[in-house]
Structures are given as C-alpha cells and as structure tokens.
C-alpha cells in the first residue's frame, strides 16, 4: 500500500514559496509549458476542473487572509482626491516610461526589430497574469503565442523572453543590497528632487555593478557564494543550497549569449523599468506630503515586487497591499498616508494595466484587419 504523502512542514513555508516563485520566474520554458497547458485545458476535463477549483480555493483563502489590507486600500479610494491632477498625470507618465523600458528590453532580447508584436503581446500577457489565479505562467504563454503568431521563431522567442525575465528580475532582487548605502547615509529628503537624486544614485551604482557582474566571473562567483552562505544560515531547516555561484554564472552566460553586444542597453532598460516604477511610488508619497527616507522606501518597493511573485492571488493582490503598506509604515510614513499611497501606486501599476490587455489584443489584430481591408479594396483582375 502506498504511503500517504507527508504534509508540508510548518517551518519555512513562506520561504519555500518565495524560493519556488523565484525558481519559476527564472524558468521561462517551464512557465511556458505550464501556461500552455492551462490555456489549452478544457473545463470539461476532470484534471483541468480540479486544477481550476484548487487555484480558486487557494486564491479565495489567500484573499480572505489579506482581506483587511485589500479593504483598507479600496476604502481609501475617495481620498485619491488628495493627489492633485498634476501628480496623477506624473504617475501615469512614470508608469508609461516603465512600460516603454520593458518593451525596449524585450525588443533587444528578441532581435526582431518590430515594436508592434512586442507591445501587443506584453500588454495582453501582463493583463492576463494580473487576472488569472496563478496567472504568471498563463501570461507568459499568451505572450509567447502572440509573438509566434506575429511571425517570430519559437526558439528565439523562448530564449529572448528568458533573458529579459532573468535580467529584469535580477535587477529587482539586487536593489535591496544597493539600497543599504542610502539607508546608512540617513536623513530625510525634504522634496521630490532630492529623493529622486538619491534614488538615481542607487540605480547608477547598480548599473556599474551590473556591468561588472555581467562581464566578469570572479565578482559574480564571490557574490553567489555570499548569498548562498547567508541563505543557508537563515534557513537552517531547509535543504541547503550548494551550487548557487555556478548557477548564477550559467544564467549570466545565457543572458549575455542571447543579447550579444546589446547587453549594456538591455541592462539600462531593465534598470529603467524598475526605476520609473519606483519613481511612481515616490510621486504618490510626495503628492501626499510624505517625506520618508528613500532607502527604506526602496526596500518597501522591492519587498512588494517579491511578494507579487507568490502565485497565490492574481498579481499578488492583497499580499502586495499588505506588505507595501506595512513596510511604508516602518519607513516612517503615517499609517493612513501609507494606505492611500499604496492604493494610488497600485492603481497605476496594477489596476489600470488590466484594460491595456484589450489594447494589446487590438494591436495584434490590426495588421491582419488592415491586410483584409487592402485585399478587399483591390480591383478584381481582368
């Protein structure tokens, strides 16, 4: 008789989920396989129905646990009037710049040169990932399908999306390390210009460090060794890591091999993607007259991005709100202001990006529709 499966030990469950989420984010081919299976599954199939029920149950329980944070964030919607229209326009522009940098990164990674399929597929895939439970894989699979339908070859699409994901996620994981000097420096920036300059310095330093790590083995091996040592000490009851430095070198080689001589521009685009996104959060805080330390806000921002990777709710809904509000409060933002700032930031970074998926689908269909109209307008032969 088969032994019953052992229950997951209570120790380190959150850590295990975070590590699995990071593993899945780096494993784009695996994400594509899971996403394609989810997109192609028929509700009538028992296995598909069970998976759907499972993810809906997980999402429902997770949303119940974080419901107070979600309710508090939504309950602050009427306080959005505390932000002047000029600040709202600035936040929208910053999120638009973040999207543009992501499109540049993917364009460089795919080596195709056409903007339309990159923009259309990213908008649609991103919207699906924010709607479907555990939808990150489905969003990646939808983007892959749309790029292949647009005429890109399958192999380069997988390699390009992998390189872009690895580089973008590597940047957000590295940001907390380079936020430490800003924290140690101390002090509070009294206006947005000083705060933006402090944040810009962090991103410039990160670009220099990224160039070194992407072009040399020894610093990357040393960094991987230190991360592995710290992780194993913090998570003594989990299975120890043993080859993280070598894996980092392998993933670095994959990124550089895919990007070729464009890797410095891709690194700058990845930094811009998160830099403008972080600027949107800073603008929300400044619009509410909050003046916390930039280093602590950057740590709060990074924590929110990592929480968004936990595939328990669509787009980390609830977890991001709870984590960002709590960490902003720890950074010195009054609790009420932290809730409003979180809602304003998520309004542009999460909610308003969902309807953009329809724009992506329309862009995908536009060339075919134009071709049909042109064919219909041609006079009959003879």
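Bear in mind that the values in this text are calculations on the coordinates, not laboratory data. In this text the structure is predicted, and so the values were computed from the model without any measurement. Cβ atoms come from the backbone with ideal geometry, glycine included; neighbour counts cover every protein chain shown.
The table below lists the values:
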{"read-out": "Neighbour-count order for 31, 19, 239, 321, fewest beta carbons within 10 angstrom listed first", "value": "239, 19, 31, 321"}
{"read-out": "Order of 288, 102, 352 under a 10 Å beta carbon neighbour criterion, fewest first", "value": "352, 288, 102"}
{"read-out": "Mean-position separation - Cα centroids, region 224-253 and region 317-364, in angstrom", "value": "31"}
{"read-out": "Residues 114, 252 arranged by fewest to most Cβ contacts within 10 Å", "value": "114, 252"}
{"read-out": "Centre separation in Å (Cα based) which lies between region 192-221 and region 150-164", "value": "27"}
